[in-house]
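Data block below; observations after.
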Amino acid sequence: MKHFITIADLSRDEALEVLATAEHMAQTQSRSIRKLPTLVGTTVVNLFFEDSTRTRISFEAAAKRLSADVINFSAKGSSLSKGESLKDTALTLQAMGADAVVVRSGSSGAAHLLAHAGWIEQPIINAGDGAHEHPTQAMLDAFTMRRHLRPGDPTADLAGMHVVIVGDILHSRVARSNVLLLTLLGARVTLVAPPALVPVGASAWPCEISYDLDQALATGPDAVMMLRVQSERMVGGGFFPTVGEYSRRYGLSTARAATLPEHTLVMHPGPMNRGLEIAGAVADSPRSVIVEQVASGVFVRMAVLFHLLATDAREAPRDH
Ligand code: NCD
């Protein structure tokens with residue numbers, strides 16, 4: 001693994017290996033001293049062209065727990081055209097001595113471009129590119145699911161599990177990465193959304209598509225993942241009649257959650273629109289693993305950084 005850009009690059013074994021490392025990282029994080037010396041002397045740059053709270057902080061925490069230095073580069077609002085600014089920024093990062101670059105961008109393909117344009121040689125980690133992919137989010141979701149649905153078996157895949165992903169699929173890189181990873185791990189995935197929020201081409205994805213949330217929930221899924229309605233990407237409107245109507249048809253209300261089997265997990269990548277796609281009481285209920293997803297994010301990102309950087313660091317010890 002040289003970069004971490006799309007789940008499509010991973011084999012089932014590689015995905016399970018990263019999850020196993022994340023499980024190992026999780027163990028280290030319950031010790032009294034949580035900092036590991038693994039990446040001493042390396043520099044991880046967080047290059048964020050888009051606002052982010054939890055993902056950036058999570059990568060920062062992960063890198064710091066492994067003793068890497070972290071530089072946060074917030075490039076939002078650059079007036080340069082995207083291609084130029086990405087190239088110039090890459091050259092700057094290379095010159096600064098970055099050992100890995102974590103990139104988030106509103107443009108689909110930004111991480112791929114950064115990895116393969118030849119401007120920078122270091123490993124690139126995709127922290128979300130447009131509506132394309134968010135592979136570490138999918139890994140942390142799978143990690144969280146496995147802990148609850150396959151308790152005591154940290155080597156298991158998700159065979160036989162049924163996951164329902166609900167909401168703004170059209171703008172969701174989280175949904176895309178999850179469909180790829182969950183099916184790679186053997187789960188069955190059903191996407192539920194109003195027709196206008198299902199991307200053209202989704203019919204070719206390895207999942208089922210439904211427009212009826214109640215019908216999908218009646219199948220008794222093992223996990224229900226609610227997606228944020230990404231209003232900032234809905235310029236011009238017209239994706240659904242009204243917020244109230246969306247919530248009535250596609251929101252996870254207390255009444256809907258009550259119809260689910262006891263073991264069904266409720267998930268959300270955050271940030272949540274409480275009262276729109278998910279009722280506050282459901283987000284805070286015992287079946288919700290939303291806060292745990294955030295904790296899993298640090299373990300999974302530690303694992304990804306480890307796989308991309310630790311071997312290099314060991315082979316070429318630095319003076320320090
Ligand atoms: C997601 C993202 O940015 O793609 N959030 C996240 O990474 N925690 C989903 C979203 O913004 O709704």
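Side notes on the structure shown:
- Nearest 10 degrees, 0 to 90: helix 290-305 Cα axis against the chain principal axis: 30 degrees
- Karplus-derived 3J(HN,Hα), 6.51/-1.76/1.60, for each residue of the range 219-226, Hz, glycine and proline x: 6, x, x, 7, 8, 10, 9, 8
- In the chain, lysine pairs with alpha-carbon atoms under 25 angstrom apart (chain gap of 8 or more, or interchain): 7
- Label point distance in nm, E208-I33, each placed 7 Å from Cα along Cα→Cβ: 5.2 nm
- Rounded to the nearest 10 degrees, the inclination of helix 54-65 to the longest alpha-carbon principal axis of the chain is 40 degrees.
- Accessible area, probe 1.4 Å, largest first, for residues H132, H116, H171: H116, H132, H171
- Lys/Arg +1, Asp/Glu -1 at C-beta; the range 135-293 dipole; positive extreme among L184, L158, S231: S231
- Intensity falloff of the range 22-122 expressed as log10 I(q)/I(0), Debye formula with alpha-carbon point scatterers, at q = 0.10, 0.20, 0.23, 0.24 Å⁻¹: -0.31, -1.01, -1.22, -1.29
- Ordered from highest to lowest accessible area with the whole protein assembly present and a 1.4 Å probe, Y211, Y250 read as Y211, Y250.
- The equivalent ellipsoid of the range 135-293 has semi-axes of 23, 18, 14 Å, largest first, where each one is the square root of 5 times an eigenvalue of the Cα gyration tensor.
- A Cα-only calculation for the range 176-263 places Rg and Dmax at 13.8, 40 Å.
- Here the accessible area of the range 126-211 is 59 percent carbon and sulfur, with a 1.4 angstrom probe and all protein chains present.
- Under 5 Å, built H, 5+ apart or other chain: amide partners of V70: V44
- Tail beyond 30 Å, pair distance distribution of the chain (Cα, percent): 33 percent
- The range 96-151-the range 259-305 distance, computed between alpha-carbon centres (Å): 20 Å
- Per residue, the chain exposes 42 Å² of accessible surface when a 1.4 Å probe is rolled over the protein heavy atoms with every protein chain present.
- Value at 222 nm in deg cm²/dmol, rounded to 500, when DSSP H runs of n ≥ 4 in the chain each add -39,500 (n - 2.57): -11000 deg cm²/dmol
The values are calculated or read from the model by the stated rules, or taken from the named source; none is laboratory data. Values in this document were obtained by computation on a predicted structure and should not be read as measured data. Because the Cβ atoms are built from the backbone with ideal geometry, glycine has one as well, and the counts that use them run over all protein chains shown. Keep in mind that these areas ignore ligands, DNA and RNA; they rest on the heavy atoms of the full protein, side chains included. Shrake-Rupley method; radii C 1.70, N 1.55, O 1.52, S 1.80 Å.
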